[in-house]
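Everything below concerns the one structure shown next.
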Amino acid sequence: MRNWSKEIEFIASDLLDQNASQHGATKPDYSNRDFMNTIIIFQTALMDKMYNNQDYDNMTLENRGKMAIECGMDLRKLIHTFTGLDTHKVEEFL
C-alpha cells in the first residue's frame, strides 16, 4: 500500500497555517464528500495504529476482527452524534 506521509504532512501544515492566520474568521465549508474523504484518511491511519497495538498485545485473529468492527461502529456513532451524518448511508456523501 502506498504511504501518503508527504501529502498528509502538506495538507496538515497548510491547514494549521490557515487556522493560525485567520483567527477563526472563516470556516472551510466542506461538503459531505470532503468530510467522508477525511474520514477515509483518518480511518486508514487509525486501523494502522490499531494493528500495531494488536500485534503488541499478541491478539488472536478473531479478537482483531472484533476490535476492528467495534472501532468502526464507535467511529460511526461518534460521527453521527456530532454531525448528524450516517457513514453507512453512502448517498449522503455523493
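Any read-out appearing in this document is the output of simple, stated calculations on the displayed coordinates, not a laboratory observation. Because the structure is a prediction, the values reported are computed rather than measured. Glycine gets a Cβ as well: all are built from the backbone with ideal geometry, and neighbour counts include every protein chain shown.
The figures follow:
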{"read-out": "Where GluC sites (Glu not before Pro) fall in DSSP loop in the chain, at most 12 other Cβ within 10 Å", "value": "none"}
{"read-out": "Extension gain from F42 to N63, taking 0.36 nm per residue of separation minus the Cα-Cα distance", "value": "5.4 nm"}
{"read-out": "Proxy reagent accessibility, fewest Cβ within 10 Å first, across K77, K27", "value": "K27, K77"}
{"read-out": "Candidates per chymotrypsin sites (Phe, Trp or Tyr not before Pro) in the chain, loop by DSSP, up to 12 other Cβ within 10 Å", "value": "Y30"}
{"read-out": "Degrees separating the helix 5-22 axis from the principal Cα axis of the chain, which is the longest one", "value": "40"}
{"read-out": "Gained length - N53 relative to T83, 0.36 nm times residue gap less alpha-carbon distance", "value": "7.9 nm"}
{"read-out": "On Cα atoms only, tilt of 32-56 relative to the major axis of the chain in degrees", "value": "40"}
{"read-out": "Cα-based shape type of segment 29-93, given that a ≥ b ≥ c are square roots of the gyration tensor eigenvalues and the cut on a/c is 1.5", "value": "prolate"}
